[in-house]
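Before we start, here is the structure in question, set down as C-alpha cells.
The values are calculated or read from the model by the stated rules, or taken from the named source; none is laboratory data. Note that this is a predicted model, so its numbers are computed, not measured. In this analysis, Cβ positions are derived from the backbone assuming ideal geometry, glycine residues included, and neighbour counts consider all displayed protein chains.
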Amino acid sequence: MSEQKHRDTEEIMDSLDGIRRATPAPFLYTRVKARLQKEGRTIWEQLGSFVARPVVTVSTLILVLIFNAVIVVNKEKSVESSRIAITSPQDNNSYDETSLLAATTSYDYVNAEP
C-alpha cells in the first residue's frame, strides 16, 4: 500500500518538472488600468451594479415567493368553489370528478396521431 502511494507521489512530482511561469497577454495591465480609470459607466453597468445588490436580490426573491403563494391560494379557493358548485344540492344532476374530467377533456391520449 505504501509502495503504491510512493509511486503516485513520485509520478505527481515528476509531472511538475516542465512547468513554467504563466505570462499575461501583452498590454493586459494597461487595459485593466484604463478600464478602472474610465469615468463614465454605461446604462448596463449601472443596471448590473444595482441588480447585484443583496437588498434588491433578496427583496425580488421575496416578492416572487409572495406572488406564487397568492396564486396557489387563489387557485385552491377556485378549485374548492368549483367543487362546491358541482356538488351543490340545488343541482339535480350531481357529477363526480372523474365524469367531469372525462366530459371536459377533448384530447384523445391513446390515439395521439393527427
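Part of a helix (DSSP H, G or I) and touching a Phe, Trp or Tyr at 6+ places or on another chain (Cβ under 8 Å): which single residue out of VAL79, VAL56, VAL70 fits that description?
Selected residue: VAL56, the only one of VAL79, VAL56, VAL70 that is part of a helix (DSSP H, G or I) and touching a Phe, Trp or Tyr at 6+ places or on another chain (Cβ under 8 Å).
Okay, next question. Considering only residues that are among the acidic types (Asp, Glu) and assigned to a loop (DSSP other than H, G, I, E, B), which ones fall in region 1-53?
ASP17, GLU39 - these are the residues of region 1-53 that are among the acidic types (Asp, Glu) and assigned to a loop (DSSP other than H, G, I, E, B).
Given the conditions (1) surrounded by 10 or more Cβ atoms within 10 Å (Cβ to Cβ); (2) within 40 Å of the chain's Cα centre (by Cα); (3) hydroxyl-bearing (Ser, Thr, Tyr), which single one is not true for THR9?
Every condition holds for THR9 apart from (2).
Moving to a separate point now. For region 28-37, does any single residue satisfy the condition of being exposed (fewer than 10 other Cβ atoms within 10 Å of the Cβ), modelled with pLDDT under 90 and not basic (Lys, Arg)?
Within region 28-37 (the criterion being exposed (fewer than 10 other Cβ atoms within 10 Å of the Cβ), modelled with pLDDT under 90 and not basic (Lys, Arg)), the answer is yes, since at least one residue qualifies.
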